[in-house]
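Here the structure comes first, spelled out in structure tokens, and everything after it is commentary.
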Amino acid sequence: MNPLTSIKGTIIAGFVLAAIIVFAGGMTGFNALNIEVWFHVLAGVIWIGLLYYFNFVQVPGVGAALAEKDSGGPGPAAINKYVAPTALLWFRWAAVVTWFTGVGALEGLGGAMGAFTFSAGMEVIGLGAWLGTIMLFNVWVLIWPNQQKILGMKEVTADEIAKAKFVALMASRTNTVLSIPMLLCMIGYGHGLTF
């Protein structure tokens, strides 16, 4: 049976391969904090990868599909009906997993409260944590409720859909802007970036 023929099998194969590398490679010092950080980075890659997909691929793609709809083009239905709901499911839950594993990792580094209050030595990663928190808020409070209106999951008027499109787009673009310094702060902490 080829594990690559299903998403579940592919994910399991990736975790099995990672475990083989850890144990067979004799990695020393691999502990709960390393696992927490690893899950934080893995979830973060999914979250930010989907954020970039939405902004760099899906939004322009839906725009192009809408422009060609009246001239025989496919329109946005395929993306909005089949792709977007699944992508948004992974997007919002990856955001939650990223945030919670990030808080867990901060606890292991000396305390999440110290990071969120910019304690000495935690300023850079604390700023990254705050940027990630704002981004999580945007996902659940601004992007997701408005996407439900856009995708027809809630009955609303055409004017409400137009407003929802603008709010969701601006929140998503804000997250794209925030993701760049957030990644700088998260990576910078472990590589000597200080204030």
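Observations
- Across the range 109-133, the number of residues qualifying as in a helix (DSSP H, G or I) and either at positive phi or surrounded by 15 or more Cβ atoms within 10 Å (Cβ to Cβ) (or both) comes to 15.
- Look at the range 98-125: where a residue is outside the structural domain of L50 (by TED's automatic domain parsing), no partner that is part of a loop (DSSP other than H, G, I, E, B) and surrounded by fewer than 21 Cβ atoms within 10 Å (Cβ to Cβ) sits 6+ places away or on another chain with Cβ atoms under 6 Å.
- Any hit, the range 55-62, residues being among the aliphatic types (A, V, I, L, M), closer than 18 Å to K165 by Cβ and free of Cβ contacts under 8 Å to residues at least 60 places away in the same chain: yes
- Filter result for E107 (at pLDDT below 90, acidic (D, E) and out of contact with any Cys (no Cβ under 7 Å at 6 or more places or on another chain)): no
- Members of the range 28-48 that are of a type in the set (F, W, Y), modelled with pLDDT of 90 or more and over 14 Å from L136 (Cα atoms): W38, F39
- Enumeration of residues in the range 100-150 that are over 28 Å from K163 (Cβ atoms) and of a type in the set (S, T, Y): T101, T117, S119
A quick yes/no check of all residues on (1) of a type in the set (S, T, Y); (2) assigned to a helix (DSSP H, G or I); (3) in contact with a helix residue (DSSP H, G or I) (Cβ under 7 Å, 6 or more places away or on another chain):
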position: V16; (1), (2), (3): no, yes, no
position: G26; (1), (2), (3): no, no, no
position: G44; (1), (2), (3): no, yes, yes
position: A64; (1), (2), (3): no, yes, no
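- Residue within the range 70-83 that is farther than 21 Å from M153 by Cβ and in a helix (DSSP H, G or I) present: yes
The values are calculated or read from the model by the stated rules, or taken from the named source; none is laboratory data. Keep in mind it's a predicted model, so treat the numbers as computed, not measured. Here Cβ is always computed from backbone atoms with ideal geometry, including for glycine, and neighbour counts include all displayed protein chains.
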